[in-house]
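The values are calculated or read from the model by the stated rules, or taken from the named source; none is laboratory data. Not measured: the values here are computed from a predicted model. Cβ placement follows ideal geometry from the backbone for every residue including glycine, while neighbour counts extend to all protein chains displayed.
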Amino acid sequence: MASLFEKLGGEAVVDATVDKFYGKVLADDRIKHFFENTDMEKQRGHQKKFLTFAFGGAESYNGNGMRAAHAKLVKEMGLNDSHFDAVVELLGGTLTEMGVAEDLVEEVADTAETLRTDILNR
């Protein structure tokens, strides 16, 4: 059975999605402030590696865990469910614009949802 990574179109699609997605993130008043002091080139690279792993395209991910990576944002900047929802919305919209089938967009959203507790440090 093909992984979500393969069904989405592999590395080229993940790379293009992340680049387009962060353009939307940086323009969105709900969440852009979380990235004001972020090296976006580095962030894009981390995100591409993480999504490749999360979607089944790599066996491991050597970046920070979701809880550790977002702890400061939760504690100091108030990262919460509304921000998480905005990210999922923008990611889904990006995938839809790229012509990804709705069932795969839903699978991506379901995958993201499994991370909510860790990202929001609950």
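Total residues in region 20-31 satisfying the condition of being loosely packed, with under 14 Cβ neighbours inside 10 Å and not hydrophobic (A, V, I, L, M, F, W, C): the figure is 2.
If the condition is being in a helix (DSSP H, G or I), surrounded by fewer than 14 Cβ atoms within 10 Å (Cβ to Cβ) and not charged (D, E, K, R), then region 3-14 contributes only A12. Taking region 97-122 as the range and being under 16 Å from G9 (Cα atoms) and assigned to a helix (DSSP H, G or I) as the test, the residues that pass are E97, E102, D103, L104, V105, E106, E107, V108. Looking only at region 22-39, residues that are closer than 18 Å to S82 by Cβ and part of a helix (DSSP H, G or I) come to 6 in all. When T17, T52 are screened for being among the hydroxyl-bearing types (S, T, Y), in contact with a Ser or Thr (Cβ under 7 Å, 6 or more places away or on another chain), more than 12 Å from V87 (Cα to Cα) and part of a helix (DSSP H, G or I), only T17 passes.
Given E97, E41, E106, E76, which one is within 22 Å of M1 (Cα to Cα), of a type in the set (D, E, K, R) and either free of Cβ contacts under 8 Å to residues at least 60 places away in the same chain or surrounded by fewer than 16 Cβ atoms within 10 Å (Cβ to Cβ) (or both)? Matching residue, one of E97, E41, E106, E76: E106. If you go through region 79-94 and keep only what is touching a residue at least 40 places away in the same chain (Cβ under 8 Å) and either under 14 Å from V18 (Cα atoms) or in contact with a strand residue (DSSP E or B) (Cβ under 8 Å, 6 or more places away or on another chain) (or both), you end up with V87, L90, L91, G93, T94. With respect to the stated conditions, D81 is more than 21 Å from F5 (Cα to Cα), exposed (fewer than 12 other Cβ atoms within 10 Å of the Cβ), among the charged types (D, E, K, R) and modelled with pLDDT of 95 or more.
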